[in-house]
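Contents: one structure, followed by commentary.
FYI, it's all coordinate maths here, none of it is from the lab. For clarity, every value in this text was computed on a predicted model and none was experimentally measured. In this analysis, Cβ positions are derived from the backbone assuming ideal geometry, glycine residues included, and neighbour counts consider all displayed protein chains.
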Amino acid sequence: MSPALRRVWGLVYRHLALYRRSPPRVIELMYWPILQMVVWGFITAYLAGVQNNVASVGAGILLGGVLLWEAALRSQMGFSISFLEEIWSRNLGHIFVSPLRPHELVAGLMVMSVLRAAIGVVPAMLLAWLLYAFNILTMGPALVGFFAALIMMGWAVALGVTSLILRYGAGAEALAWSVLFGITPFAAVFYPVSVLPPWLQPVALALPAAHVFEGMRAALVEQRFAAGHMAAAFALNALWLAAMYWLFMRQFQSARVRGALLNIGE
Amino acid sequence: MAPALLVEGLRKRYRDDAPFAVDGLNFSLPRGQTWGLLGGNGAGKTTTIAMLLGLLVPTEGRITALGHDMATDRFAALSQMNFSSPYIALPHRLSVAENLRIYAHLYNVPKASQRIAELAESLQLTDFIDRPAGELSAGQKTRVALAKALINRPALLLLDEPTASLDPDTGDWVRSWLERYQAQSGCAILLASHNMAEVERLCGHVLMLKQGQVVDRGAPAELIARFGRDDLEQVFLDIARGTVAA
């Protein structure tokens, strides 16, 4: 293993060891995705009773939206909260005086975000299948692309959140839980972009998530692969990730100048 | 061979309108020696150590650690350095062994298990190696922090108050251990401490800081003789209170 990979693994090992010793943390990872799935499952069951001719399509769109959006939420939180764990344990000083490079720190947090997202979303997917006979795998191979694009979007948002934590310290912690919820109305999770007012549609289309969910609806309703939306989602992710990584590096350097790394948890 | 640390014209202020926390530091710590960094609260010790570790960017000046410029090549230096402070914790839910393994990975230590076993035996960690770090006594935590600081066999070790909050017996054990380790390994140590007896015992040279500047320096015995005092604590008090012009 190369020294760089070993350093990334060191950071991942640190978090895996933490989860091994802290079952409540693992339960918390699964709790919200499962709760969301149960609530939205009952809503779709109710709607199916009212409008049974469109029930199956509606249920698929709602439950598919819930599951895919949870992947973005868990990815963002997995990254941000793994960074916050270092602050809460007052370990950040040791991390930053080790040979771990900032991009390796980011890579380690990305690995943790994928693991946390998988632990959160896979049980919810199984539950959707068991309770509501909704099998998300019917979307086909495009599903892998949808999940990947949303996880990448979660990383971009998390890099922005982490930058704000580096800038404003513990006062910005709450953003780790809340920021992506604020994007939900513009992400076209449960309705098409065309529902939004015309002036808001460009905002939605600047988000990778809107393209993912347009693609999901195309797969579920029309059984077709919307290649344009998939390409747009990944292209936008590349832009957002580059911009947010630049912001993170800028705030990291600024924190080194201001001395914020010495008392970031206070 | 380049010195362990070469500090030239080091200055730091946190805001443009603030006074300099460190103001014109110059020193060269040779390899294989232990030096002390002394000063009262607010003298600039923490700021200096943070700059030496790359946690803080100097406003002016240059730091060269083990031949590497900390402004442009700090990761090459950091892989051969390490640091211990009671004020920076290790993840307390993780066991001692897990904590040491993390840092063995971060510092790319070959044969990590063997190195951890060596340190566990040498620093007497074996009895609690599988216990969570947060459940240890102050003395045990200090030994674990030292093990973490030595995991990569550093050529330069920065120690911030290594015996703070330890009882006299445990503090003496740690000091004896550091003396032996330094003699065997030949690493350079920069020690920041408020314990003057400790500094007198461990350090061959002392930098006295006040308001961010080195106000005096020399071997402990030289300083004691120059100030006409009985021990380094009295010298420290003279300098801190300004009762003797340094």
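So how long is each side of the range B:116-156 along the principal axes, counting just the alpha-carbon atoms, biggest first, in Å?
Extents along the principal axes: 30, 17, 13 Å.
May I ask you to work out the translational diffusion coefficient for the range A:134-266 at 37 °C, viscosity 0.692 mPa s, via Stokes-Einstein with Rh from the Kirkwood sum over Cα pairs, reported in whole µm²/s?
Translational D for this selection: 203 µm²/s.
For the range B:36-77, what is the convex hull volume of its Cα atoms per residue in Å³?
76
I'm a student and want to see the number: the projected area of the Cα convex hull of the range B:89-153, averaged over all directions, in nm².
3.7
Listed highest first by mean packing, meaning other Cβ atoms within 10 Å per residue, what order do A:92-102, B:87-97 come in?
A:92-102, B:87-97
For peptide A:82-95, what's the mean number of Cβ atoms from other chains within 10 Å of each residue's Cβ?
Average per residue, whole number: 4.
Kindly express, to the nearest 10 degrees and within the range 0 to 90, the angle between helix A:102-132's C-alpha long axis and the longest C-alpha principal axis of chain A.
So the helix axis and the longest Cα principal axis differ by about 30 degrees.
Please report the Cα spread of the range A:1-122 along all three principal axes, rounded to whole Å, starting with the longest.
61, 26, 21
The range B:175-246: percent of C-alpha pairs farther apart than 18 Å?
Roughly 38 percent, rounded to a whole number.
Over the range A:3-262, consider all pairs of different Cα atoms and compute the Kirkwood hydrodynamic radius from their mean reciprocal separation; express it in Å, one decimal.
One over the average 1/r among Cα pairs gives 19.2 Å for the range A:3-262.
Using mean Cβ contacts within 10 Å as the protection proxy, how do B:141-153, A:239-251 order, highest first?
My ranking of the peptides, most packed first, is B:141-153, A:239-251.
Cross-link candidates for B:K12: which lysines have Cα within less than 29 Å, leaving aside residues fewer than 8 places away along the same chain?
B:K45, B:K148, B:K210
With charges set only on the Cβ (+1 for Lys and Arg, -1 for Asp and Glu), what does the dipole of the range B:89-153 come to about its Cα centre, in debye to the nearest 20?
With Lys and Arg at +1 and Asp and Glu at -1, about 220 debye.
Taking the C-alpha atoms of the protein assembly as shown, how large are the radius of gyration and the largest Cα-Cα span, Dmax, in Å?
Over the protein assembly as shown's Cα set, Rg and Dmax evaluate to 27.6, 99 Å.
Apply the Debye scattering formula to chain B, with a single equal point scatterer on each alpha-carbon and no solvent, then give log10 I(q)/I(0) at q = 0.12, 0.17, 0.18 Å⁻¹.
Rounded to two decimals, the profile gives -0.70, -1.32, -1.43.
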